[in-house]
Amino acid sequence: LILNTKNLLHIEDGAFRNLPRLKYLSICNTGIREFPDLTQIFSLEAHFILELCDNLRMTTIPRNAFQGMSNESLTLKLYKNGFEDIHSHAFNGTKLNQLILKDNKNLRRIHNDALRGATGPDVLDISSTALESLPSYGLEAIQVLNATSSYSLKRLPPLDKFSNLLEAVLTYPSHCCAFRNIRTEKPNSLLSIFDNFSKECESTMRKSTNEIVYRDDSYNTSLWSLEKDTASFAADEEASPYSYSALFDEDEMAALGFEYDFCQPKILTCTPEPDAFNPCEDILGYSFLRILIWFINLLAIAGNFTVLLVLLTSHYKLTVPRFLMCNLSFADFCMGLYLLLIAAVDAQTSGQYYNHAIEWQTGSGCGTAGFFTVFASELSVFTLTVITVERWYTITYAMRLDRKLRLRHAVPVMLGGWLFSIAIAAMPLLGVSSYMKVSICLPMDIETALSQAYILTILVLNVVAFVVICACYIKIYIAVQNPELVAANKDTKIAKRMAILIFTDFTCMAPISFFAISAAFKVPLITVTNSKILLVLFYPVNSCANPFLYAIFTKAFRRDFFLLLSRLGCCKSRAELYRMNYFSAYTSHCKNGPSKAPRALLLLSALEK
């Protein structure tokens, strides 16, 4: 033992020469800077243990570092050192039983060929290291892998490298999904393994049976009959690979000198198991969602981009409704970008999400996606509420020009909405809840009281906004119900338009709010897998519908759209028609004056905007 010698800075080459009876060597808590020469020990012991620990100045394991250790079973306990990397062929010439590298906090790299030339190891422990990857060669013999608290190890090597792995203790639950997929996706390989087990079991059974027959002639008849029954039973096509258990109980198997467990299949155990927030599936889970999300996000992006382009390039004056519509379109455009990002990552990681889950959910991509969706959702809800209140105000005070809303009133209101939305979206990035909890990057972390209050605040505000929108549209409908003001057919048209607006808001908000509030109180009524259906089919409804309901289907937008096309050399006759209609309506309005204009026309005009 060489222990607690901080002043020991160097061990001469050949210091451990020709020690044939050495079983155990420990060099711990020293000041050694270079890896000692261990190649000339030449121990003849079958089992040899080498322990290097707490040597913080020792930074590398060089090539052929253990070449002289040709013991039948070698255990290397190399923990709590200053190792930063392990060179190629570092373990060349060894027969490794255990390779313990835990608690080497600075160990970031093991060369791909570090285990080349070595047999084993059976046990590999890399827990609490900074490793970002495992070597691609030499993993086939590993039966036990311990990689707890290895937070930098976000990807695993190809799974076929772990051909003999029986137990894995890992850092991330998603990595266990990889080994679960081995059992479910490669039945043919497993059947061949089981078949080999069956043949080996049968061979051993026959050998053990024959040995007992020769030892005691009194059993000849019974064992010959038993062996015959066993052979015929195994020949049956319907028989299981482990059918001997139907002929022998455990005591009888032991009497035959046969290991009962030998015939049992080797089942891989992996911890930690995937939890409810991160099941073993791709980002979108269902195949039909993978198709729908592309259609929905492209519709949201194209629709809102078109609205923004037309409104911002229009030669007409920027009014309050136009200004608000620009804000709404930008918010819904951001929602489309979120869906596009989720769809793209899902397509890229399809079938192998387990190997990308940690990198995605803990990286900047998921944080960006989460920020986009919360910002877009809150700004959209806020802007919808302001648009609805503006319409109600315009209709209520249609005859009072002195109370007309101006752009100077709308700008500070929307500035407040932007600041509020940015603040709400930034909170999970600052530690209040988290976007890393689930693969779809929504703030579903409610572990702390502050996170729970954050989620409930967002949901309650959205419900209040929906109530305000409904109340304003009801008031608008009551205002236009007077038969003296509007014709019956136009009354029906207004009612239908309001019903569509409220229905789309309800479709978007109600399912999300209901299930989210129950989950916020830690009584989830829906799984994360099923919540992805809400994410694709209900969550973006407003983002897809708003550009059509609030802009594209209106006469003012169609006029601006065709005027824009006419400047590009298209649809000039249609644009001229819209230009003449607008000029005629403007001349009539100026001639009669705003006080003489029919109130019904003002009401319909406000709704049309």
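Residue by residue, what Karplus-based ³J(HN,Hα) values in Hz, rounded to whole numbers, does the range 348-364 have, using 6.51, -1.76 and 1.60 with θ = phi - 60° and x for Gly and Pro?
6, 9, 4, x, 9, 4, 4, 8, 10, 4, 5, 4, 6, 6, 9, x, 6
At a probe size of 1.4 Å, how large is the accessible area of Arg116, to the nearest 10 Å²?
Arg116 has an accessible surface of roughly 90 Å² with all protein chains in place.
Could you give me the ³J(HN,Hα) list for the range 28-41, computed from phi with Karplus coefficients 6.51, -1.76, 1.60 and θ = phi - 60°, whole Hz, x at Gly and Pro?
After applying 6.51 cos²θ - 1.76 cosθ + 1.60, I find 9, 6, 10, x, 4, 9, 10, 4, x, 7, 10, 7, 10, 5 Hz.
Starting from the Cα-Cα distance between Ser287 and Asn29, subtract it from 0.36 nm times their residue separation and give me the gain in nm to one decimal.
87.3 nm
Take His89, His175 and sort them by solvent-accessible surface of the protein heavy atoms, 1.4 Å probe, largest at the top.
Ranking His89, His175 by accessible area, largest first, yields His89, His175.
Got a sec to turn the phi values of the range 317-331 into Karplus ³J(HN,Hα) couplings, 6.51 cos²θ - 1.76 cosθ + 1.60 with θ = phi - 60°, whole Hz, x for Gly and Pro?
So the J values, rounded to whole Hz, are 4, 6, 8, 4, x, 5, 4, 5, 5, 5, 5, 5, 5, 5, 4.
Report the full-extension gain for the segment Lys6 to Phe538: residue separation times 0.36 nm, less the Cα-Cα distance, to one decimal in nm.
Stretched fully, the Lys6-Phe538 segment lengthens by 185.0 nm.
Give me the 1.4 Å probe accessible area per residue for the range 1-105, excluding ligands and nucleic acids, in Å².
49
Can you give the accessible area of Thr527, probe radius 1.4 Å, in Å² rounded to 10?
70
Of all the accessible heavy-atom surface of the range 1-149, with the other protein chains kept in place and a 1.4 Å probe, what percent is carbon and sulfur?
Summing carbon and sulfur atoms, their accessible area is 45 percent of the total for the range 1-149.
Name the long-range amide H neighbours of Ser26: under 5 Å, sequence gap of 5 or more, or other chain; modelled H, no Pro or chain starts.
Ile2, Glu51
Quick check: pseudo-label points 7 Å beyond the Cα along Cα→Cβ at Phe514 and Thr448, how many nm apart are they?
Label at Phe514, label at Thr448, 3.3 nm between them.
Would you mind checking which residues have amide H under 5 Å from Thr269's amide H? H placed 1.01 Å from N; only 5 or more apart, or other chain.
Glu167, Ala168
Any idea what the dipole of the range 362-433 comes to, in debye rounded to 20, about its Cα centre with Lys/Arg Cβ at +1 and Asp/Glu Cβ at -1?
Computed charge dipole of the range 362-433: roughly 400 debye.
Between Arg180 and Val464, what FRET efficiency comes out of the Förster formula 1/(1 + (r/R0)^6) with R0 = 51 Å and r the beta carbon distance, rounded to 0.05?
0.70
Once both labels are modelled 7 Å past Cα along the beta-carbon direction, what's the Tyr151-Ala46 spacing in nm?
Each label point lies 7 Å from its Cα, and together they span 4.4 nm.
Going by average Cβ density within 10 Å per residue, which order do the peptides 7-15, 430-438 take, highest to lowest?
Final packing ranking: 430-438, 7-15.
Tell me the relative contact order for the range 287-546 as a rounded percent, counting alpha carbon contacts under 8 Å between residues six or more apart.
The value is 22 percent.
Using just the Cα positions, wrap the range 287-546 in a convex hull and report its mean projected area in square nanometres, one decimal place.
Result: 15.7 nm².
I'd like the FRET efficiency for Glu84 and Thr396, computed as 1/(1 + (r/R0)^6) with the beta carbon distance as r and R0 of 56 Å, rounded to 0.05.
0.20
The values are calculated or read from the model by the stated rules, or taken from the named source; none is laboratory data. Please read these numbers as outputs of a predicted model, since none were measured by experiment. Backbone-built Cβ (ideal geometry, glycine too); neighbour counts: all protein chains shown. SASA here: full protein model, heavy atoms, side chains in, ligands and nucleic acids out. Shrake-Rupley method; radii C 1.70, N 1.55, O 1.52, S 1.80 Å.
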